[in-house]
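Structure first, then comments.
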Amino acid sequence: MPETNVARGVAEPAPRVEYELQLYYWMKLIRAFEERVSRLHRQNKILGGVYSGAGQEAIVTGICAPLHDGDFVAPLHRDMGVFIMRGVDPGRLMAQLMGKGTGLSRGKDSFLHGGDLEHGVFGSTSMLGSSLPVAVGAALKFKMKKNPNVAVAFFGEGAASRGDVHEAMNFAGVHKLRVVFVCENNRYAYSTPLEKQMAIEDVADRAVAYGFKGYVCSGNDLLAVLELSERLIAKTRAGEGPVLIECKTYRYRGHSEHDAALYRDKEELIEWQSRDPIPRFEFYLEKKGHEIKSIREQIDERVNKTVQAAVDFAESSPLPESQEALEDIYAPPGASTSTNTHGTSSNGSG
Amino acid sequence: MEVTYIKAINSALHEEMRRDENVFVMGEDVADLGGAFKATEGLLDAFGEERVIDTPISEALIVGAGIGAAVLGMRPVVEMQFADFISCAFDQIVNMAATLRYRHGGKAACPLVIRAPSGAGVHGALFHSQNPEAWFTRVPGLKVVAPATPYDAKGILKSAIRDGNPVVYFEHKRLYRSIKEDLPEGDFTVPIGVAEIRKEGGDLSIITYGGTLGQSLDAARIVEKEDGLAVEVLDLRTLLPLDREAILATARKTGKVLVVHEDRLTGGIGGEVSAIIMENAFEFLDGPVRRVAAADAHVAFSPPLEDFILPSTNKIVDAIRSLAAY
């Protein structure tokens, strides 16, 4: 049931135009941030694993764009863009990657395991797919408390093979929870190609087994993602139950920066790069009558400034003090919500 | 009023759900059936299906969804139908819940209780007899408790529900209906992280918890009567964090320590308790720290096999006599 994007008329109201330009800015910012991170990693300024989402920006942009404050998002390890879309300060994000004390996890974990619940972003673990039951629990709370929020859980087609994913979708279906499952199908689980991961082509086909609908779109086409996300998130928010959106895509870089991805065909990469979401959206904007060259220049300037400011902030931030290793292990007495302050209790007493 | 261990758990759940509307329970067969052991009996009628949730057989989901609700301010009490099944939720507990606050820079809390009916001696065989506490007692970010009396079962469960951290709550199945205690009316809690002296004595200390407290007290009474030995019995109650002060105080007082638990010998809490004593009270010792624990086997089904594997009052008596004579 692949859904095609709806042709949009040029005579749209001004707010929509602003919105589309904002989406373009976000995709450009996420791409620039990703590219800068890869460069910083080569310069040894970022240690540890870096899992680039370059090539997959349209998915996080399109899915997060219609979200509201209070919605709960569990990104996967490649979804730097989710943090940016949810309003997390890019400087703190960059500081996180550099292990600085000002990063989201205050130096405790690398890359995207640091979450920011104030912005509704839940930090994942390396056990892919394990955030799906958590997102389901968030949606359970929304149901119990009658909050008009949705939980969004991103996962890859690789994680789709894990039992957590099955357990989460099954339960969400039983209770008709407001969960939007988003599968970023980039065809490779590290080196293992899709055909060795599953006997079907579309992960979305599984949704029907859990009692809800699955949709497939091109994850490299922002308009296609947006057409599904705006419509389906609204339906889920209205209480029509969970939904699975599968976005077909491709990662440009290896599984991590250490991976040259020699298991992939060069031709395949070129083919997918020709479907890059950013020029594709530029083409659309141009056809709608925008002066794309000047828009691109303006936006590039903004984006570069933002990324540079993030790098400057991160580089000038201090590393954590050694003894902070024992902080934030336990919540101190009285702590109960997502916004309590740093605990210094390390022995768990109380 | 005299109540059983299982009733103490049940009344803690009723009272906490009444006290705080953010408390809810979730697990396999907890609603209509009231739990395989009736720990959640009556909750469905009292609080409705929104707060008393039957789940499919999905342990990872049960814990994971508990985590998701907990980080948004709820206080879920999730049940593993048998502690043996907790292995299916291991990743959610040790990787997802335990690291949650750490990886969110201290700006998240996970007030989640995972109830786990554990223990042997009920002919449960390999997969209904396990004592898996030591899988969790070395995981920072978790708290692990193992109450041995109805009073503690109720008071510690209330503390666990009010705690801001994930707490794994091991309740011993053999104790459910075998022990009773007069409990005070009204609200009371028992602090997590504090051990309790159950019997004073100056000749030798037993450090134990959970299912072997009763056997240890029986053994202490036997040697007191037959050998004139005054044995002190310390009930750990919390296994993470350990009450190091209480452990060291009794070790320094008697100079001879026997650690008793129903969990297996190798890698059990006894090793850690012993190391704490060796490192901090070595000069007070008059003999080696010894352990009585389950044999390093799976908990077998057939009675002669199960009896051979598990600790017993007689085995504890023998160990006391041997250590006292050292």
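Descriptive notes on the structure:
- Residue match in the range A:70-78 (condition: over 16 Å from the mean Cα position of the chain (by Cα) and facing another protein chain (nearest Cβ under 9 Å)): no
- Qualifying positions in the range A:149-181 - assigned to a loop (DSSP other than H, G, I, E, B) and within 14 Å of chain B (Cβ to nearest Cβ): A:N149, A:V150, A:R162, A:H175, A:K176, A:L177, A:R178
- Helices (runs of 4 or more DSSP H) contained entirely in the range B:246-326, each with at least 1 residues that are modelled with pLDDT under 95 and under 20 Å from B:L229 (Cβ atoms): none
- In the set B:M74, B:M17, B:M26, only one residue is over 21 Å from the mean Cα position of the chain (by Cα) and crowded, with 24+ Cβ neighbours inside 10 Å; that residue is B:M74.
- The range B:141-155: number of residues that are within 9 Å of B:A12 (Cα to Cα) and not charged (D, E, K, R): 2
- Within the option set A:E246, A:E201, A:E184, being assigned to a loop (DSSP other than H, G, I, E, B) and closer than 30 Å to A:L262 by Cα holds for one residue only, A:E201.
- Considering the conditions (1) in contact with a strand residue (DSSP E or B) (Cβ under 8 Å, 6 or more places away or on another chain); (2) within 9 Å of chain A (Cβ to nearest Cβ); (3) under 28 Å from B:H128 (Cα atoms); (4) surrounded by fewer than 24 Cβ atoms within 10 Å (Cβ to Cβ), B:C88 is excluded by exactly one of them, (1).
- Members of the range B:91-108 that are at the interface with another protein chain (Cβ under 8 Å from one of its Cβ atoms), touching a Leu at 6+ places or on another chain (Cβ under 9 Å) and in a helix (DSSP H, G or I): B:Q92, B:R103
- Considering the range B:284-326, the residues that are small (G, A, S) and in contact with a helix residue (DSSP H, G or I) (Cβ under 8 Å, 6 or more places away or on another chain) include one that is surrounded by the fewest Cβ atoms within 10 Å (Cβ to Cβ), namely B:A297.
- Some residue of the range B:100-107 being in contact with a helix residue (DSSP H, G or I) (Cβ under 7 Å, 6 or more places away or on another chain) and of a type in the set (G, A, S): no
- Condition met for B:I62 (within 29 Å of A:H113 (Cα to Cα), away from chain A (no Cβ under 14 Å) and in contact with a helix residue (DSSP H, G or I) (Cβ under 8 Å, 6 or more places away or on another chain)): no
- Among the residues of the range A:103-124, the one identified as under 23 Å from A:S322 (Cα atoms), within 9 Å of another protein chain (Cβ to nearest Cβ) and in a helix (DSSP H, G or I) is A:H113.
- Close contacts from the range A:133-152, counting a first residue that is over 15 Å from A:I233 (Cα atoms) and a second that is of a type in the set (V, I, T) and modelled with pLDDT under 95, with Cβ to Cβ under 8 Å and a gap of 6+ residues or different chains, come to none at all.
- All positions within the range A:314-345 that are part of a loop (DSSP other than H, G, I, E, B) and at pLDDT 95 or above: A:S317, A:P318, A:L319, A:P320, A:E321, A:E327, A:D328, A:I329, A:Y330, A:A331
- Within the range B:65-85, the only residue that satisfies the criterion of being more than 7 Å from chain A (Cβ to nearest Cβ) and within 18 Å of A:V121 (Cβ to Cβ) is B:A70.
- Test for B:V190: is it in contact with a Ser or Thr (Cβ under 9 Å, 6 or more places away or on another chain), assigned to a loop (DSSP other than H, G, I, E, B) and over 21 Å from B:G270 (Cα atoms): yes
The values are calculated or read from the model by the stated rules, or taken from the named source; none is laboratory data. None of these values were measured; they are calculated from a predicted model. Glycine also receives a Cβ, built like all others from the backbone with ideal geometry; neighbour counts cover every protein chain displayed.
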